[in-house]
Amino acid sequence: MDYNKLVLNTCTQFLLLCLIVLKAEEPSGDGGGWSLRSDVTLQDEGPCNIDVLDSSSLSHQHFIIRYAYSRPVILRGLTDNSKFRSLCSKSSLLEEFGGRRVRLSTANTHSYRKVDVPFQEYVEVLLRPQSADALGSGPGTGVPFHWHGPGFSEVIYGRKRWFLYPPDQEPHFHPNRTTLSWVTETYPHLPEAEAPLECTIRPGEVLYFPDRWWHATLNLDTSVFISTFLG
């Protein structure tokens, strides 16, 4: 079985399991154990041309009028997730759920081959940086351009760079190429009119994107995140 072609379809499957752990440890200052000295990191966070707001300054009415149906927005200070972060540390997840099976799938638009493996095997064997010729599961990975209903995405550990286009502006990309290849080969040569909305979000920041907006992601570090999609 060629695990090099597999990446985690979504962190939601195992992050949600954190919620049933009853006793939390103190929040870790080492990135939850996910960011190791040997990790490959990508330093280019790129520009941020998406509105970034303190959640306390955004009313429900303002959100509905300005963002809900028309543009993405990044919110800071929405919740205190320190306890949730401790539940999602590497050691906590491995201790509680190392034997559970998680579902992996190829990360492209048209091919979704799925394989179930123990979570501990994913973390200790398959979790590694992206390379030019094989898919990995750490820094440099991400989901190529796609769209679906509106949603929120929060980073728990690491940094995640987002690229977004409105529904009527389909980006130029190859469905079976990685986001990393798009960033290195296509992105630098885009005309100004075809530049995406983009921003890198960090722990504690939540990105909202409206219905049918094209989006792709690039993990700059080994990242843990949780996404909620709205019906």
*With r defined as the distance between the Cβ atoms of Gln43 and Asn176 and R0 fixed at 41 Å, what FRET efficiency is calculated, to the nearest 0.05?*
0.90
*asked:* So if each residue of separation counts as 0.36 nm, and I subtract the Cα-Cα distance between Ile64 and His148, what length gain in nm does that give?
replied: 28.3 nm
*Rounded to the nearest 10 Å², what accessible area does His62 show when all protein chains are kept and the probe is 1.4 Å?*
70 Å²
_Residues with amide H under 5 Å from that of Thr200, placed H, sequence gap 5 or more_ = Trp162
*Between Ile156 and residues 5 or more places away or on another chain, which pairs have amide H atoms under 5 Å apart, with H built 1.01 Å from N, and which residues are they?*
Val224, Phe225, Ile226
*asked:* Quick check: pseudo-label points 7 Å beyond the Cα along Cα→Cβ at Asp80 and Ser55, how many nm apart are they?
replied: 1.2 nm
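The values are calculated or read from the model by the stated rules, or taken from the named source; none is laboratory data. These numbers were taken from a predicted model, which means no experiment stands behind them. Here the Cβ is made from the backbone with ideal geometry for all residues, glycine too, and neighbour counts use every protein chain on show. These accessible areas exclude ligands, DNA and RNA; they are computed on the full protein's heavy atoms, side chains included. Shrake-Rupley method; radii C 1.70, N 1.55, O 1.52, S 1.80 Å.
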